[in-house]
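Taking it in order: structure first as structure tokens, then the write-up.
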Amino acid sequence: MKKWIILFMSVTLGLLFCTCKTGEKHAAALTLDEDSVRLVLQGLSTGFKNKDINLLQNYFSEHFSISVLMWPSARRFLDPVLANNPIENIDFVATDTSFNDMVTVKVKVKIKTAGDKPETESVISFDKDYKVVFIDYLDRLYGVSRYSVSEQKAVIPFEFDGKYIIIPLRLNDCNTVFRFLLDTGADGMAIGKTLSDSLNLSITGSQYAGVVGGQMRIDISSGNTVHLTDTFSLKNQKIAVFENMGNGHDGIIGLNLAMNYITKIDFDRKQITLSTFGDYKYEGTGETVKIKNRYNVITVAGVLNIAGKEDVNGEFIFDSGADYYLIAFSGFVRKNRLLLTGFKPENQSATVSMGHSTPVFEGKAHRFALSPDLVFTDIPVTLQASTSKDDDEKTPSGSIGIELIQN
């Protein structure tokens, strides 16, 4: 059985779980009313002209994104546009294409500028509720085009021991090959203080990082070069410095890959293929699952049924660095009373993250579904109990780990 996963960030916004499936489904094309589209464009024009962020976000879909960031994280991309590149008007030109549950229209964007090109053509995508999914003009301002041809840039080997995806890499001018854990539950790179000191990394700042049970202050090193092969590197990378990394690897590399490239993880060949964002042609079959990227982590919608009784909907982090099947966070557990729905714990322990300990109960879940055709039954699940430091409600609901991902 072939197994691979492709992470489409921004361009198609989905995870493709590829197994031995042979069928492929296509949703009926969506047709939108032109008058309704024109009303939305009028509202967008007013919002951009008046720099009214509250008005603009009324027209955004829950999947609205600029480049690789979804709303509200994408606001840091939108604010400079409103300040420095004001859009005065957006005019309807024609319906472009329809596919699945979206339709795109061609528009003319009038820009307040002293240059020779006060107008430019763009494409805007709408969902079935006349909400904006993306504006191609905004993507292009940040160097991303959904309509350029995607090109393969690198093939990176990795090791997989059944628990962790380990990528060999070099840092800056050091010739030593380090072993970094591919952790899609992290938004960036991190190493331990001992390694940082040995590499003489320049500390350029500090920030607070969220850990299980609380937050801790960490140092940040900027401007680093990460050599993934002899011919391919990621430049100008930030690296967080923790007191101790643990787990037998030298560091972690998070969404640095998926935030910059379409990322295919091939478990058969033990290699990661990176391609530029754009019109990526995938020829195989499999099950596609939409993802969200709101707060610099990938989440997928899942339906959890603990004991064969009630289905509970949630948003779960896609976490390749977590050594488990499925965990439900304490706020989600408490809100849905998951410990009181017939769950039979087989073990009680604690999860420890950066010195913070949280009690957990381990057992089996009756069913967990990522789509109607992607269902896992009788799988191990960990339910996180409440602690005095818990927020009233946690987002996301939990996370799926490497045991489920590589299944």
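The values are calculated or read from the model by the stated rules, or taken from the named source; none is laboratory data. The structure displayed is predicted, hence computed values, not measured ones. In this analysis, Cβ positions are derived from the backbone assuming ideal geometry, glycine residues included, and neighbour counts consider all displayed protein chains. All accessible areas refer to the heavy atoms of the entire protein, side chains included, with ligands and DNA or RNA removed. Shrake-Rupley method; radii C 1.70, N 1.55, O 1.52, S 1.80 Å.
Listed by position, the strands (runs of 3 or more DSSP E) contained in region 266-377 that have at least 1 residues being open to solvent by less than 40 Å² (accessible area, probe 1.4 Å) and at pLDDT 90 or above are 271-275, 299-305, 311-318, 326-328, 356-371.
Considering (1) assigned to a loop (DSSP other than H, G, I, E, B); (2) within 25 Å of V68 (Cβ to Cβ); (3) more than 23 Å from the chain's Cα centre (by Cα), the lone condition that R146 does not fulfil carries the number (3).
Candidates are the residues of region 167-188 that are among the β-branched types (V, I, T) and buried (at least 19 other Cβ atoms within 10 Å of the Cβ); the one that is modelled with the lowest pLDDT is T184. Among the hydrophobic types (A, V, I, L, M, F, W, C) and farther than 23 Å from T299 by Cβ: which single residue out of A190, A186, A154 fits that description? None of the others qualify; the one that does is A154. Checked against the criterion of being in contact with a helix residue (DSSP H, G or I) (Cβ under 9 Å, 6 or more places away or on another chain), among the hydroxyl-bearing types (S, T, Y) and surrounded by 14 or more Cβ atoms within 10 Å (Cβ to Cβ), region 70-90 has no qualifying residue.
Consider V312 carefully, then state whether it is of a type in the set (A, V, I, L, M) and farther than 27 Å from N236 by Cα. Yes: the conditions hold for V312. Just the residues that are at pLDDT below 90 and surrounded by fewer than 18 Cβ atoms within 10 Å (Cβ to Cβ), please, taken from region 54-69. Listed by number, the list holds a single entry, E62. On the stretch given as region 293-342, residues that are without any contact (Cβ under 8 Å) to a residue 24 or more places away in the chain and not charged (D, E, K, R) total 2. Could you identify the single residue in K117, K106 that is in a strand (DSSP E or B), at pLDDT below 90 and not acidic (D, E)? So the residue among K117, K106 that is in a strand (DSSP E or B), at pLDDT below 90 and not acidic (D, E) is K106. When L195, L138, L234 are checked against the criterion of being in a strand (DSSP E or B), among the hydrophobic types (A, V, I, L, M, F, W, C), in contact (Cβ under 8 Å) with a residue 12 or more places away in the chain and open to solvent by less than 70 Å² (accessible area, probe 1.4 Å), L234 stands alone in meeting it. With the structure loaded, tell me whether L304 is at negative phi, of a type outside the set (K, R) and in contact with a Phe, Trp or Tyr (Cβ under 6 Å, 6 or more places away or on another chain) or whether it fails that test. When the stated conditions are applied, L304 passes them.
Taken as a whole, the structure places F92 among residues that are at negative phi, aromatic (F, W, Y), modelled with pLDDT under 90 and outside any loop (DSSP other than H, G, I, E, B). Is it fair to say D187 is farther than 30 Å from K292 by Cβ and not in a strand (DSSP E or B)? Judged against the criteria, D187 is not a match.
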